[in-house]
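First comes the structure, then the notes that go with it.
FYI, it's all coordinate maths here, none of it is from the lab. Only a predicted model underlies this, so the values are computations on that prediction, with no experimental measurement involved. Heads up, the Cβs are rebuilt from the backbone with ideal geometry, glycines too, and the neighbour counts pull from every protein chain shown.
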Amino acid sequence: MAHRALVIALVPAIGLRLLAVLGFPPALLFYGDSFAFLRAELAPGTTRPSGYSLLLALLRPAHSLTLVTVLQHLLVLALAVAVYALLRRRGLPGWGATLLVTPLLFDEFLVLLEHMIMADAIFIVLVTGAIVLIVWRVTPATAAAGGMLLGLAGITRTVGLPLLLLTAAYLLLRRYGWRPLLALVVAGAIPLGAYATWTKVEKGKFGLTEADGNFLWSRTMSFADCAVIKPPERLAVLCPDMPVEQRPYPPYWLWESFSPLLKVPGSANRNQLAGEFARAAILAQPGGYLGSVATDLKQLLRWERTAADEKTPYKFPQAERPLNGSVRDIAESYEAGPAATRVVEPFAGWLRAYQRFGYVPFPLLMSALVGALVAALVRRRLDALLPGLAALALIVSPPFLAAYDVRYVIPAIPLVCLTLGLSLSTRSPSRQDAPVRSIDQSSFAPS
């Protein structure tokens, strides 16, 4: 059987996800983002776009969080098969293509995110699915489908927005012709434009969120010194009032009661002033800004994702945590019944044990990415550059725009696997999938 290695690998990968379904029903809930996504009242999000909320609304009539998580598990498994199929198309043997998709199948953090009511798993599928389609073969149809997926990714997590521009630049620089480029841009603009119009109708402002300034401001809290920045009086209210060495990590400045951001009334006004302060701080203290980013990026050198005794929401829980107050009502309304995560042994314990070793250390991931990009240039496997640069953008951009979070690195894993596979491919894309430069040339392109 040509795909025996993949079938053998899929069996334990499905088993891991079955452990999640049996061990932690009905789903893992991330405080408090999951409940914002689960709200019955659909509205454009203030701090994050509501693309994932729209998907949950489509599934709401089933009243099953288990349905949501099972769907997410199946989509990531399907994504692994799609990446495998593309690598086989590029000439890799079955065992080689299977080896390269093992991180998609077995990384514990991917399994955790698939089982969590969060936008990450869907975002991963949308972004990688789009790039697989475009790298598979560039035509107006695949470019349009890829653009639509990237547009949907942009209204799921705003960090996906630059990937649409990156993909357009890839098509332009590789001279695939104006039709695929136009198809990509138009298709990508449809969900983005529709969502921005919805925001305009609901909130009076054309855009995706009202928090980009807030997040960038929180980034500057790692170094901002108002004695150096000298902000105007209307921005001075956003100055931190504690020494740099005592300041908590940037995300805490968005929500905690000590944050001066909460003193500014009105979400749109707050975002506007925060953005102005952040830009002034970066211009006044560029060294501090780059130093903070560099400090965050050093986390990529850490071998362990999380230490055994580290308190983090990114672990399979040991005990049930009851839901309280309004969040319980939100979750139970969606589930039409009890919705708190239950911990069912021994399945939960098996998965917790696996979590301690079942992951790709980030130093290896980054080494693979850099090595793959170099190999792609040396071997002229230029189609590997698109997933490689997309992975790099997803990894690097959060520390510049907000802060490092281990969760933000995970969407790069399938893209790194794809980049590595394409850089090692034995079948040149220039022979199999030649760029289409004109209608006449495309008529004679090999199938």
Here the cysteines of the chain lacking a cysteine partner under 4.7 Å (Cβ to Cβ) are C417
So, with points 7 Å from each Cα along the Cβ direction, the V237-A85 label distance in nm works out to 5.5
Ranked output for segments 219-232, 113-126 by mean other Cβ atoms within 10 Å, highest leading, reads 113-126, 219-232
The exposure ranking of R379, R137, fewest beta-carbon neighbours within 10 Å first, is R379, R137
Ranked from fewest to most other Cβ atoms within 10 Å of their own Cβ, T209, T69 fall in the order T209, T69
With +1 on the Cβ of every Lys and Arg and -1 on the Cβ of every Asp and Glu, the dipole magnitude of the range 212-291 about its Cα centre, in debye rounded to the nearest 20, is 140
So, over other residues within a Cβ distance under 9 Å of L401, counting Lys, Arg +1 and Asp, Glu -1, the net charge is 0
Simple spin-label estimate for L59/A189, 7 Å along Cα→Cβ, in nm, reads 3.2
Gyration tensor on Cα atoms of the range 167-278, a ≥ b ≥ c root eigenvalues, a/c under 1.5 rounded, else prolate if a/b beats b/c, else oblate, says prolate
Residue by residue through the range 69-78, the couplings from Karplus 6.51 cos²θ - 1.76 cosθ + 1.60 with θ = phi - 60°, in Hz, x for Gly and Pro, are 5, 4, 4, 5, 4, 5, 5, 5, 4, 5
Any residue on another chain or 5+ positions along whose placed amide H is under 5 Å from the amide H of L28 is listed here as M116, I117
In whole Å, largest first, the alpha carbons of the range 212-291 cover along the principal axes 31, 23, 20
For the chain, averaging the sequence separation of alpha carbon pairs under 8 Å that lie six or more residues apart and dividing by its residue count, the contact order in percent is 23
Distance in nm between R427 and K203 label points, each 7 Å along Cα→Cβ, equals 4.6
Calculated from DSSP helices alone, with each H run of at least 4 adding -39500 (n - 2.57) and the total divided by the residues of the chain, [θ]222 nm to the nearest 500 comes to -19500 deg cm²/dmol
Extension length gain for L377 and L42 (0.36 nm per residue less Cα distance), in nm, is 116.0 nm
Lys pairs in the chain with Cα under 26 Å (8 or more apart in sequence, or on separate chains) total 6
From the Cα centre of the range 235-288 to that of the range 306-375, the distance in Å is 30
With R₀ set to 35 angstrom, the calculated FRET efficiency between the beta-carbons of L297 and E345, to the nearest 0.05, is 0.35
Debye calc, one equal point scatterer per Cα of the chain, no solvent, log10 I(q)/I(0) at q = 0.06, 0.08, 0.13 1/Å comes to -0.27, -0.49, -1.30
Given unit charges at Cβ for Lys, Arg (+) and Asp, Glu (-), the dipole magnitude of the chain about its Cα centre in debye, nearest 20, is 1400
Binned at 5 Å starting from 0, the alpha-carbon pair-distance distribution of the range 1-45 in whole percents comes out as 5, 17, 14, 13, 12, 11, 11, 8, 6, 3, 0
Most fluctuating of V68, V374, V185 in the GNM of the chain (C-alpha, under 10 Å) is V374
